[in-house]
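Asks: Take this structure first; my questions come after.
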Amino acid sequence: MIRISQIKCLREDQIEGQILKKLHILKKDLFAWQIHRRSVDARHQKILFSYTVDAQVRNEKRFLKLRDVSLSPDETYHDVCPGSTLLKHRPVVVGFGPAGMFAALQLAKQGYRPLVIERGSEITRRQQKVKTFWDGGPLDPECNVQFGQGGAGAFSDGKLTTRSKDPRSRKVLREFVDLGADPDILIDAHPHIGTDGFVPILKHLDQRLRALGADIYYDTCLEDLVIEDGKLKAIQTSRGKISCEQLILSIGHSASDTIRMCAKNGLHMENKPFAVGVRIEHKQAFIDQAILHEMAQDDRFRPARYQLSMTASNQKGVYTFCMCPGGLVIPCSSSEGKLVVNGMSYAARDGENANSALLVQVNEKDYGTKLFAGLEYQEALEKKAFSLGKDYRACVQLSKDYLQGICSKEFGTVSSTYCRQTTFVDLNTLFSDSVNQALHEGLVQFEKRIPGFSLDDAILTAVESRSSAAVRIVRNEDLQSNIKGIYPCGEGSGYAGGIMTSAIDGLRCAEKIIESFAKPL
């Protein structure tokens, strides 16, 4: 079977004709074909779908010299073989976001009966607590947009896009479909599930894990590690002490208290670069028109999305991230007295506004070299934003006013979707000079690429500071930390950046345990 890319057309019923044309063959020589990937090519005035297909053709080898043609890779996921050393106790997975979910699922499927510990609540109770906060009520520091079943990805756009070439990515997508996701995620170049789409998937996963012998302890926090002679022996939780030899630590990027506890117990850590910035919000109709042109009203293509990046004159990377078509800007603080925002959309992506993170890279030149300096920088920025916004009100400013250093007085044609009210602030007073310089230059440059992006009524909402972790827990080639038996995993440990890469890392850590140990009796 061969894989053919750059098949461009408006309708699926035109694909076969385009394959025949591209290969210069007759229909009788094309035995079968199927779509592998579908994307929108909006680079030119004429908007088309661009397909990658796998095809069975006569004498396939003769086509491999053609441009855009290659052999179709084997994307079959093969379970690893169990090791020979018997585990005395069940493996424990701490954190039930994408990394923990897929680590637990793989362990359970191979008979290891994992125990999952999640500091937040199961999804139904978690939704209620999040709604209470969004409606103006108190924040629950243990169960919120960051903590609980599904992790931070449960309240997001549910993007399943990844640049990773890891073959496990196909496995992850198929597992999502098996749990109830739309099968289109298998072919969409930018697949997504949406917050509402994640809820039934999470419920099905809970049921499946329990049916496979796993246990899940919600509302249970990891409090301490019991280590002897450089090896993990047990963990202390809010439910009590649990004997444990193999621990997958998939705690997410916001569990700073757990990170500090692990450091006190001797786990090697290092600062890592991350990013800070704002959410930029436009009318979705404006983005559709700017990207899709004459096809802006065609439901096959909209809502449109964008991805922008540049390097500022001070060498800082500036880029858009986690763009949410038809979405909302949401409060996502996880501790009191700190203001954090993020973007979210539902599966339909039919909201009036589009929003995206607009971020600037920061590193040790910005915050120093001592351990946790980056985390302290992040926390100080969130506290400052809270102080400026007051009581979880988001700090907002029109982008044109930000460029001029003027505090906005009212919104224009774009209304904020942030649900806990807003406070007009000059965001130049929130960020450092270097971050402001980079953001200013980014807005000017992106205005050239999408006219109207920065100079009309776009709203900047701050602060977006949790796109990735500020610390990495160092691990070796077998994915363990310097403390034997602990596997730092996913976004919170510094080894992933989103749902897909976190899920892939969860699979990798589970595989390492399975390769090393036979399942416990």
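Asks: Which pairs have Cβ atoms under 8 Å, sit 6 or more apart or on different chains, and link a residue in the range 447-467 that is farther than 15 Å from Tyr319 by Cα to one that is exposed (fewer than 15 other Cβ atoms within 10 Å of the Cβ) and of a type in the set (Gly, Ala, Ser)?
Replies: Every condition considered, the pairs that remain are Asp456/Gly412; Asp457/Gly412.
Asks: Being surrounded by fewer than 24 Cβ atoms within 10 Å (Cβ to Cβ), touching a helix residue (DSSP H, G or I) at 6+ places or on another chain (Cβ under 8 Å) and over 30 Å from Ser465 (Cβ atoms) is the filter here; which residues of the range 494-513 pass it?
Replies: Once the filter is applied, which keeps residues that are surrounded by fewer than 24 Cβ atoms within 10 Å (Cβ to Cβ), touching a helix residue (DSSP H, G or I) at 6+ places or on another chain (Cβ under 8 Å) and over 30 Å from Ser465 (Cβ atoms), the range 494-513 yields only Glu511.
Asks: Hey, another quick one. Which of (1) surrounded by 18 or more Cβ atoms within 10 Å (Cβ to Cβ); (2) more than 30 Å from Ser5 (Cα to Cα); (3) touching a residue at least 60 places away in the same chain (Cβ under 8 Å) is the odd one out, the single condition Lys159 does not satisfy?
Replies: It is condition (2) that Lys159 fails.
Asks: Surrounded by fewer than 19 Cβ atoms within 10 Å (Cβ to Cβ), at pLDDT 95 or above and more than 26 Å from Arg420 (Cβ to Cβ): does that describe Gly137?
Replies: Values: surrounded by fewer than 19 Cβ atoms within 10 Å (Cβ to Cβ): yes; at pLDDT 95 or above: yes; more than 26 Å from Arg420 (Cβ to Cβ): no.
Criteria not met by Gly137.
Table: residues versus (1) under 17 Å from the mean Cα position of the chain (by Cα); (2) among the aromatic types (Phe, Trp, Tyr); (3) not in a loop (DSSP other than H, G, I, E, B).
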{"residue": "Ile330", "(1), (2), (3)": "yes, no, yes"}
{"residue": "Tyr346", "(1), (2), (3)": "yes, yes, no"}
{"residue": "Asp350", "(1), (2), (3)": "no, no, no"}
{"residue": "Ala354", "(1), (2), (3)": "no, no, yes"}
{"residue": "Ala357", "(1), (2), (3)": "yes, no, yes"}
{"residue": "Val360", "(1), (2), (3)": "no, no, yes"}
{"residue": "Lys365", "(1), (2), (3)": "no, no, yes"}
{"residue": "Glu376", "(1), (2), (3)": "no, no, yes"}
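Matching residues to (1) outside any strand (DSSP E or B); (2) touching a Leu at 6+ places or on another chain (Cβ under 7 Å):
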{"position": "Glu294", "(1), (2)": "yes, no"}
{"position": "Arg302", "(1), (2)": "yes, yes"}
{"position": "Arg305", "(1), (2)": "yes, no"}
{"position": "Met310", "(1), (2)": "no, no"}
{"position": "Asn314", "(1), (2)": "yes, no"}
{"position": "Cys322", "(1), (2)": "no, no"}
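Asks: Here is a list: Ala154, Ala108. Which entry is modelled with pLDDT under 95, in contact with a Leu (Cβ under 8 Å, 6 or more places away or on another chain) and either within 20 Å of Met323 (Cβ to Cβ) or assigned to a helix (DSSP H, G or I) (or both)?
Replies: Ala154
Quick grid of which residues meet (1) of a type in the set (A, V, I, L, M); (2) in contact with a Gly (Cβ under 7 Å, 6 or more places away or on another chain); (3) surrounded by fewer than 24 Cβ atoms within 10 Å (Cβ to Cβ); (4) not assigned by TED's automatic domain parsing to the domain that holds Ser250:
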| site | (1), (2), (3), (4) |
| --- | --- |
| Tyr112 | no, no, no, no |
| Gly120 | no, yes, no, no |
| Arg126 | no, yes, no, no |
| Val145 | yes, no, no, no |
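Residue by residue, here is whether (1) in a helix (DSSP H, G or I); (2) under 25 Å from the mean Cα position of the chain (by Cα); (3) touching a residue at least 60 places away in the same chain (Cβ under 8 Å) holds:
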| site | (1), (2), (3) |
| --- | --- |
| Lys409 | no, no, no |
| Thr417 | no, yes, yes |
| Arg420 | no, yes, yes |
| Thr423 | no, no, no |
| Val435 | yes, yes, yes |
| Leu439 | yes, yes, yes |
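So that you can scan it fast, the table gives a plain yes or no per residue for (1) outside the structural domain of Ile291 (by TED's automatic domain parsing); (2) within 31 Å of the chain's Cα centre (by Cα); (3) at pLDDT 95 or above:
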residue: Leu20; (1), (2), (3): yes, no, yes
residue: Leu23; (1), (2), (3): yes, no, yes
residue: Lys27; (1), (2), (3): yes, no, yes
residue: Ala32; (1), (2), (3): yes, no, yes
residue: Ile35; (1), (2), (3): yes, yes, yes
residue: His44; (1), (2), (3): yes, yes, no
residue: Tyr51; (1), (2), (3): yes, yes, yes
residue: Val57; (1), (2), (3): yes, no, yes
residue: Arg67; (1), (2), (3): yes, no, no
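Asks: Where in the range 167-283 are the strands (runs of 3 or more DSSP E), entirely inside, with at least 3 residues that are at pLDDT below 95?
Replies: Numbers: elements: 215-217, 222-228, 231-237, 240-243, 247-249, 269-271, 274-283.
So the answer is none; nothing clears 3.
Asks: Quick one: would you say Phe301 is farther than 25 Å from Phe386 by Cβ and modelled with pLDDT of 95 or more? So that I can check it myself, show each step before the final result.
Replies: Working: farther than 25 Å from Phe386 by Cβ: yes; modelled with pLDDT of 95 or more: no.
So Phe301 fails the test.
Asks: Could you tell me whether any residue of the range 162-176 is more than 25 Å from Gln207 (Cβ to Cβ) and crowded, with 18+ Cβ neighbours inside 10 Å? Write out each step before concluding.
Replies: Residues of the range 162-176 more than 25 Å from Gln207 (Cβ to Cβ): 162-167.
Okay, now just the ones that are also crowded, with 18+ Cβ neighbours inside 10 Å, so 162.
For the range 162-176, residues more than 25 Å from Gln207 (Cβ to Cβ) and crowded, with 18+ Cβ neighbours inside 10 Å: present.
Asks: Going through the range 470-484 one residue at a time, which ones are in contact (Cβ under 8 Å) with a residue 40 or more places away in the chain and either assigned to a strand (DSSP E or B) or closer than 16 Å to Gly100 by Cα (or both)? I'd like the intermediate steps shown before the answer.
Replies: First, the residues of the range 470-484 that are in contact (Cβ under 8 Å) with a residue 40 or more places away in the chain: 470-474, 481-484.
Result: Val471, Arg472, Ile473, Lys484.
Asks: Can you name the number of the only condition in (1) outside any helix (DSSP H, G or I); (2) under 28 Å from the mean Cα position of the chain (by Cα); (3) surrounded by fewer than 24 Cβ atoms within 10 Å (Cβ to Cβ) that Arg466 fails?
Replies: (3)
Asks: So, one more: What pairs come out if I take residues in the range 3-14 that are more than 14 Å from Leu66 (Cα to Cα) and pair them with residues that are among the aliphatic types (A, V, I, L, M) and at pLDDT 95 or above whose C-beta lies under 7 Å away, six or more apart or interchain?
Replies: Every condition considered, the pairs that remain are Cys9/Ile15.
Asks: On to the next question. For a quick check of your reading of the model, give me the residue pairs whose first member lies in the range 495-513 and is in the same structural domain as Leu105 (by TED's automatic domain parsing), whose second is among the polar types (S, T, N, Q) and surrounded by 23 or more Cβ atoms within 10 Å (Cβ to Cβ), with beta-carbon atoms closer than 6 Å and at least 6 apart or on different chains.
Replies: Correct list of pairs: Ala496/Ser502; Leu507/Gln106; Ala510/Gln106; Ile513/Gln246.
The values are calculated or read from the model by the stated rules, or taken from the named source; none is laboratory data. In this text the structure is predicted, and so the values were computed from the model without any measurement. Counting neighbours? That spans all protein chains shown, and the Cβs are built from the backbone with ideal geometry, glycine included.
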